[in-house]
Structure formats: structure tokens, C-alpha cells
Amino acid sequence: QASNEAQSRGWHLYLVGGGVRDLLLTEANQPLLLQDIDLVVDGFHRATDDGAGLELASKIQQMYPQARLSVHGEFQTAALLWHKDPTLGNLWIDIATARTEFYPYPAANPEVEASSIRQDLYRRDFTINALAVRLTSPKKGEFSRKGDLLDFFGGLLDLRSRQIRVLHPNSFIEDPTRIYRAVRFAVRLGFTIESQTEEYIRYAIASGVYERLRLENQQAPALTTRLRTELKYILQAEYWKPALQLLADLEALRCLHQDLILTNQLWWQIRCVSRWLKIIDPENNFDHWLIRLEVLIAHLNPSERIKVATNLQLPKDSLQRLKKLEQIETEVIEKLPHYQRKSEIYLLLRQYKYVSLILLSVRTSKSIRRTIWQYLTRLAKVEPLLNGNDLKNLGYQPGPIYKQILDNLLIATLDGKIHSYTEAEAFIQ
Ligand code: ATP
């Protein structure tokens, strides 16, 4: 229907980006479920047609009122969202007017203007993502056909030779998120980063451009949001380990901070934290990807941690954890080795959140780590043998005394002084 609408206005409509890539990578007899469809319109003549994408999206939305329409005016794109059933997930269709982007300075938010499909594809990240399939029939005198593949930059060849190739040398200077995208696609698709592209990445990182921008506080909020999104994609994917290693090989963690290098120790810490999280939080109540990112950031000097976390606009919880880590570390390292009784360990560690303790554990000695593990897996789960109702039945008047009695009971239970309800009753009498 979108192509009919475009056709009737004399416009061209194309399927572009990841959808074309995935279509071409899918074997003929394999099913492909596209959830994110990117369409681009061009071929208009009147200046007012630069809102062509929006016009098409509005038309489609009138036909399918259940779809939600949202518009990103400055980029002339409109998105339609269908909430589908839980197994199929949502369906997103983005309809954009073909555009060219200008970067006023490195890593800036691009300025855009309407243009042709070729220019639109040229602004994209990699050849394999710069392919398009024409969805409208040609006008009289035009050579192309409906269903034609537009491949201006050798994307098809790169798909066949399984390579990630950038479109122009300045690409990574313009937008560092492309480094993370290159790694993500390479690992996810089992491709290699083409050698010249790898050189461009290394050059961009070595040039120190990102660090300068960070220090000058010039990173546009939209860029840091995109950088965080890419980090999230990578750190939450099942292939996060090889992806992180590839990022480290490219020294790409230095986009976050000049000093961030994946040392053997840091690599061990991040895997150890992930193992602990798997055991302690099998239902993923915590954001595991975010905690992995915190481990990376915690590797920096305490004064730098907050700067990086703020720059990435991490949530309040994360900022708090990173801010307090140094203090908790000092307290725990100073006190814990002197504590023998389980209740002492419990009372010290219960002041801190689980995630803070997990972050801390990999930064301490083996014996402290063992004690923290004992606390997280056993001590923190111990409950007093009586509860408020029992106290009431035993004739205690409800009030602040309850907390004190239950705490004393818990301490006695932890230290192995009571083992049964009767012993507990006797203990409080
Ligand atoms: P995925 O399957 O991971 O969603 P995708 O290719 O669809 O992959 P999107 O992030 O949805 O990825 O981006 C859609 C398209 O927009 C890409 O295929 C690419 O052409 C273009 N694109 C996205 N991010 C950038 C970027 N930072 N620089 C240039 N082009 C980009």
C-alpha cells in the first residue's frame, strides 16, 4: 500500500538498510521475520515534497488506525508502530524522505536536507547496510524495475565475502558509534572488519578526537544516547564476550575514556561479575549489561568514573553505585577481615546494595570475595525464626520493640545459637 501511495504521487519508494541485508542473507527456504522495516521515498520535484515520508506514513496510518504514528520532524522521518502479539513482537515501519547529512564538526549531530536515494545511501554506515530494493514501478523512460536491487557501493559483494566495509574514510571521525556498530555486526553476523576499514577505526581512535570532544564537553546528547544504546546492544547480547574482546583489540573502549583498556584483570573481573549475576539473579531483575558497563567504568580512577557515567547519561542508580564504590571499598576492606562471627559480617554488609557488593567483590582479595559471596548466597537469606504475628501471640505489644527483638533473634540464628521455634521462644523470654 505504501508503494501504491508513493506510485500514485509519482514518487519512488525503497526498502533500505538492515531489512535488505537480512533478506539477502536469508536462505531461500528459511523464514524471515522483519520487525524493523526502513523505507525511503525520493523522486519528488516540488520543494514541499520534502515531507514525503511523513505524508506516506500518515496515509498508511489512516488505513490502519491501530498503528501509532510518531514523527521526528528535524530528520523528516515518520515511524509507524504496530503492537503485535507477544510471540511475534512489535512491528516498526520507518518512512523517511531521502536525505543527505552534513556534520558541522566531528561527532556532531548531523544536519539534514532532502536529497536522492543515492545520497541517502551514501550517508549510511557500511556497504552491507547501504543497499536498497525498489518497491515502486519505474516511470516512463526509466531503466530500473520494481524489485531491483540498488547497490552503488559494492554491498552485495561484501555480503558474499562477509566483510564490514565503511563507505568513506571520515566515517568514524564523524560518528564514533559506527565503531561499535562495526563490531556488533561483525560478531553477530560472523563477518570480518575489512582491513582498510579497520585502519580507519584505529586512526580515528588514535587521533584522540573523542577524548577531546569529551573533555570539551561537546558530545551532543543525541550522540551519547546513541553510544549508550550501542553499548547496551553489545553488552546484553549473548555474543557480548567476543564483541567486547574485539572492541578491546581495536582499543575502542578509549571512545569512552582515554585510559580504558581491557587488561587481563578487567577481563577477569567482568566475566566473574557476569557469572555471579547469573547465579544470584537468574531472572534478570538487575540490568546485567549495565552492571558490566559499571565494571568497566569502575576500572577508572574514582574521579573519572562519574564523569564518564554522567557523560553516558547512565541511570541514577548506576551513578550512585559508582559514586559510593570507593567509600564502600574502604569500609569493607578495613573492617571485614576483622570480623569472625556471621552476625558481624551480616550487619556490616547488609548496609550495602547487592549490586554494589558484586561490583566491589571483584576488586578485593580472594578471602574478602569469599566472604561477600557467603553473605550474598547464604547469610542475606537467613530469616529470624519468629515473625511479628508470633510476637503478638506471645503477648508483645506491637511497636518499635518488634524490630529489636527480631534483629536479636536473627543475630542469634546467624551465630548458630538457636535452631528451632522453641529455642527462639525461650531466647526472647
Ligand atoms: P539491526 O538488525 O541491528 O536493527 P539495522 O541495520 O536495521 O540492524 P538500525 O540501527 O536499525 O540497524 O539502523 C537502520 C539503518 O540505518 C542501518 O542499516 C544503516 O543503514 C543506518 N544507520 C544506523 N545507524 C547509523 C549510523 N550511526 N551511521 C550511519 N548509518 C546508520
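General observations
- Looking across segment 158-174, the residues that are touching a Ser or Thr at 6+ places or on another chain (Cβ under 8 Å) and aliphatic (A, V, I, L, M) come down to I164, V166, L167, I173.
- Restricting attention to segment 183-216 and to residues that are among the basic types (K, R) and over 17 Å from L244 (Cβ atoms), the residue that is nearest to the chain's Cα centre (by Cα) turns out to be R214.
- Single match in L414, L379 (criterion: more than 30 Å from W267 (Cβ to Cβ), in contact with a Lys or Arg (Cβ under 7 Å, 6 or more places away or on another chain), surrounded by 13 or more Cβ atoms within 10 Å (Cβ to Cβ) and not hydroxyl-bearing (S, T, Y)): L414
- Residue within segment 83-92 that is assigned to a loop (DSSP other than H, G, I, E, B), crowded, with 19+ Cβ neighbours inside 10 Å, at pLDDT 80 or above and within 14 Å of the ligand (Cβ to nearest atom) present: no
- Of the residues examined, T330 is one that is exposed (fewer than 15 other Cβ atoms within 10 Å of the Cβ) and without any contact (Cβ under 8 Å) to a residue 60 or more places away in the chain.
- Residue selected from segment 11-37 under the condition within 12 Å of the ligand (Cβ to nearest atom) and in a loop (DSSP other than H, G, I, E, B), by the criterion surrounded by the most Cβ atoms within 10 Å (Cβ to Cβ): G17
- Index of the failed condition, I173 passing every other in (1) in contact with a helix residue (DSSP H, G or I) (Cβ under 7 Å, 6 or more places away or on another chain); (2) among the aliphatic types (A, V, I, L, M); (3) away from the ligand (no atom under 15 Å from the Cβ); (4) over 30 Å from T364 (Cβ atoms): (3)
- Residues in segment 300-338 that are among the charged types (D, E, K, R) and more than 20 Å from L213 (Cβ to Cβ): K316, D317, R321, K323, K324, E326, E329, E331, E334, K335.
- Hits in segment 239-256 (condition: crowded, with 18+ Cβ neighbours inside 10 Å and without any contact (Cβ under 8 Å) to a residue 60 or more places away in the chain): W240, L244, A248, L253, R254, L256
- Among the residues making up segment 257-309, those that are within 21 Å of Q327 (Cβ to Cβ) and loosely packed, with under 13 Cβ neighbours inside 10 Å are N301, S303.
- Any hit, segment 135-149, residues being within 16 Å of the ligand (Cβ to nearest atom) and in contact with a helix residue (DSSP H, G or I) (Cβ under 6 Å, 6 or more places away or on another chain): no
- Flag if Q236 is modelled with pLDDT of 95 or more, within 16 Å of the ligand (Cβ to nearest atom) and surrounded by fewer than 19 Cβ atoms within 10 Å (Cβ to Cβ): yes
The values are calculated or read from the model by the stated rules, or taken from the named source; none is laboratory data. Note that the coordinates shown come from a computational prediction; the quantities given were computed from them, not determined experimentally. We place every Cβ from the backbone using ideal geometry, glycine too, and count neighbours over all the protein chains shown.
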